[in-house]
1. To one decimal place, what orientation-averaged projected area in nm² is obtained for the convex hull of the Cα set of region A:1-156?
2. Per residue and in cubic angstrom, what volume does the convex hull of the Cα atoms of region A:8-85 have?
3. Using modelled amide H (1.01 Å from N, peptide plane; none on Pro or chain starts), what sits under 5 Å from the amide H of B:Thr149, excluding residues fewer than 5 places away?
4. Explain nothing, just compute: Karplus ³J(HN,Hα) = 6.51 cos²θ - 1.76 cosθ + 1.60, θ = phi - 60°, for every residue of region A:43-51 in order, whole Hz, x for Gly and Pro.
5. Taking other Cβ within 10 Å of each residue's Cβ, how do A:Ile26, A:Ile6, A:Ile136, A:Ile69 sort, fewest first?
6. For B:Val203, which sequence-distant residues (separation of 5 or more, or a different chain) have an amide H within less than 5 Å of its own amide H, given hydrogens modelled in the peptide plane?
7. Can you run phi through the Karplus equation (6.51, -1.76, 1.60; θ = phi - 60°) for region B:198-208 and list ³J(HN,Hα) in whole Hz, with x for Gly and Pro?
8. May I ask you to evaluate 6.51 cos²θ - 1.76 cosθ + 1.60, the Karplus curve with θ = phi - 60°, for each residue of region B:29-36 and list the ³J(HN,Hα) values in order in whole Hz, giving x for glycine and proline?
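Values quoted throughout were computed directly from the atomic coordinates according to the rules given, and no laboratory measurement underlies them. Owing to the predicted nature of the structure, the values given are computational and were not obtained by experimental measurement. Positions of Cβ are backbone-derived with ideal geometry, glycine not excepted, and every protein chain shown enters the neighbour counts.
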Amino acid sequence: MEAEGIDFSTWYASERDGVVRSLLVIGGDPDGARDAVAEAFSRAYERWPRVAAMGSPTGWVYRVALNEIRRRERRRRIEARLLQRRTEPRSAAPPPDVDPELWGAVAALPRREREVVVLRYVADLREREVAAALGISEGAASAALVAARRRLARTLGPATPPPTTPVTREAAAP
Amino acid sequence: MTTIEDRLRDLARAVTPPPLPGANAVMLRARQRRRRRRGGITALLVVAGTGAGVASRGLRSDDGDTVRIAPLSPADDGSGGWEEVPSGGGSGDPGDPGAWEEVPSDGGSGSPGGSEVWDEAPSGPTGPADGSPGQWDEAPATTGGDVDTVVVPDVMGLTVAEGRYALEEVGFLVQVDGNDDDSARVVGQDPAPGTTATVGAVVSLRGA
């Protein structure tokens, strides 16, 4: 969303739900998503004039928040190793009202593909913004998007069957 | 027929966003970080260099406050970042005296969860410290008093994970070329160590 000329609070109020929702779908952890997103927005506020003038301030926030999530996951892995504890990479339970099969299929995607597909369809960013938010080229973003769609189609079937037809689920292996 | 794309878009409608703090709380957090950074950068880099992943530890900042560094607290409950309590909170800041008592009043579209205030109540100021006036307004370790410009730390020779951590701590975005394993060594960095760059800029590391 274009943010130049609007104040931080207004922009935050309009963008935060979308950002935190997408981060939840990517990371699977509501608390982690919440904290990473709050952190990212607070960094945006720290340098608001600069961020507001960007082509996609929201893309910038996604990028910072995704880095933050990765950093926390890394730290958690290190801590778990030090404490000889196992960590669940991603909480298994889908939120209520979410199709568990779809949630599971998205969760099973490789990280990059999951990020791309969620930013494109859940966050509704344009491909160019997706690439910018991930710090990758547009070509790489497109390729990951194609791969993700193909993998989801294999897992979920090309289209939702009518309720009476049982879903045939192929092995998720690539 | 419902396409994969449609189903994914439906996710956006189905997933209830976890409630976020109000705008005021987010702004307060930014101010706290700025203050914390002022005293904590050197210590953070040292900690980053050791790769320690232990629970939160207190660091002495230069004005004598004990500052809890949020990122080192276990993040698995997700609340670690909200627990920073400056022991001399607000004592030296005439312009922002009631920060801790303030309930963030958010004018935004309420989240369905309804929780607009911090659910972890900060334990509040423990008493006045030596308060230097205007400390909230001071720039962190920057050059020329411009908050948006920071010296690029030297992360050459550290592991990629450590380098990334150190750079992100001071506000850079990190891109790793070459070997991007956490345990790879940083053999190149651009912009070069010791130069200044704007906060939020991308620092490229080369891993090997």
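1. On the way: hull surface 39.0 nm².
About 9.7 nm², averaged over all directions.
2. Convex hull of Cα atoms, per residue: 86 Å³.
3. B:Thr143, B:Val199
4. Listing the rounded values in order: 5, 4, 5, 4, 10, 4, x, 6, 5 Hz.
5. Lowest to highest Cβ neighbour count: A:Ile6, A:Ile136, A:Ile69, A:Ile26.
6. B:Leu173, B:Val174, B:Gln175
7. Running phi through 6.51 cos²θ - 1.76 cosθ + 1.60 with θ = phi - 60° gives 6, 4, x, 6, 8, 9, 8, 10, 10, x, 9 Hz.
8. Using θ = phi - 60°, the values come out as 4, 5, 5, 5, 5, 4, 5, 5 Hz.
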